[in-house]
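Here's the structure, in structure tokens; my notes come after.
The values are calculated or read from the model by the stated rules, or taken from the named source; none is laboratory data. Worth saying up front: this structure is predicted, and the values here are computed from it rather than measured. Every residue, glycine among them, receives a Cβ derived from its backbone with ideal geometry; neighbour counts consider all protein chains shown. Heavy atoms of the whole protein, side chains included, go into the accessibility calculation; ligands, DNA and RNA do not. Shrake-Rupley method; radii C 1.70, N 1.55, O 1.52, S 1.80 Å.
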Amino acid sequence: MTQLNRNEAYKTLLPQIETLIGKETDLTANLANVTAAIKQTFGFFWVGFYLVKGDELVLGPFQGTVACTRIKYGRGVCGTSWKESRTIIVPDVHLFDGHIACSSLSQSEIVIPVYQGDNVIGVLDIDSDRLADFDETDERWLEEICKLLSNRLMGSDISRN
């Protein structure tokens, strides 16, 4: 898929996600539908969420192969995204110092923080089996998707969901 086509795919996907999560209050249901919609649209190798639980990220809803269950704060791409509260694009995961290899088939990765207010409460993690598969187009649209989730979470207590 060219980046132009990917941009168009995101333009189509965003309103679908808005509809999927629009009235649903359950966090797990919303995260599950978002992962399925992204995976179905783009066919990425792995799409999922990790949720903050104490000093770790714990595996949440995902689509793909078996995954790492817990990731420490500041460790790997996901833990670093959480610690630095920013999106991270990794063109070649084998060159990322401290990368956690849940699958040897993963070649590139993007991780986007999900917020509740000012706090990172999880991350959206997407892996590709192709090198350098993510760029600013993905960053912009995936941050928008995570912003939709964050807006949906405002005022809810995720520990009860």
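Taking the stretch 108-130, which residues are more than 20 Å from ASP97 (Cβ to Cβ) and of a type in the set (S, T, N, Q)?
Across the stretch 108-130, the qualifying residues are GLN116, ASN119.
Within the stretch 1-41, track down each residue that is acidic (Asp, Glu) and open to solvent by 60 Å² or more (accessible area, probe 1.4 Å).
GLU8, GLU18, GLU24
Identify the single condition in (1) in a loop (DSSP other than H, G, I, E, B); (2) surrounded by fewer than 17 Cβ atoms within 10 Å (Cβ to Cβ); (3) not polar (S, T, N, Q) that PHE44 does not satisfy, given that it satisfies every other one.
Result: PHE44 passes all but (2).
Listed here are the residues, each with its yes/no results for (1) among the acidic types (Asp, Glu); (2) over 22 Å from LEU31 (Cβ atoms); (3) free of Cβ contacts under 8 Å to residues at least 40 places away in the same chain; (4) in contact with a Pro (Cβ under 6 Å, 6 or more places away or on another chain).
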| residue | (1), (2), (3), (4) |
| --- | --- |
| LEU105 | no, yes, no, no |
| ILE112 | no, no, yes, no |
| GLY122 | no, no, no, no |
| ASP127 | yes, no, no, no |
| ARG130 | no, yes, yes, no |
| PHE134 | no, no, no, no |
| THR137 | no, yes, no, no |
| TRP141 | no, no, no, no |
| ILE145 | no, no, no, no |
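Quick one: is THR65 farther than 20 Å from ARG152 by Cα and surrounded by fewer than 19 Cβ atoms within 10 Å (Cβ to Cβ)?
Yes: the conditions hold for THR65.
Quick one: what pairs do we get from the stretch 5-25, first residue closer than 16 Å to GLU136 by Cβ, second among the aromatic types (Phe, Trp, Tyr) and open to solvent by 40 Å² or more (accessible area, probe 1.4 Å), C-beta under 7 Å, 6+ apart or different chains?
none
May I ask you to list the residues in the stretch 115-126 that are under 8 Å from the mean Cα position of the chain (by Cα) and of a type in the set (Val, Ile, Thr)?
Residues satisfying the conditions are VAL123, ILE126.
Test of understanding: among ARG86, ARG140, which residue is part of a loop (DSSP other than H, G, I, E, B), under 30 Å from LYS23 (Cα atoms) and at pLDDT 95 or above?
Exactly one of ARG86, ARG140 is part of a loop (DSSP other than H, G, I, E, B), under 30 Å from LYS23 (Cα atoms) and at pLDDT 95 or above, namely ARG86.
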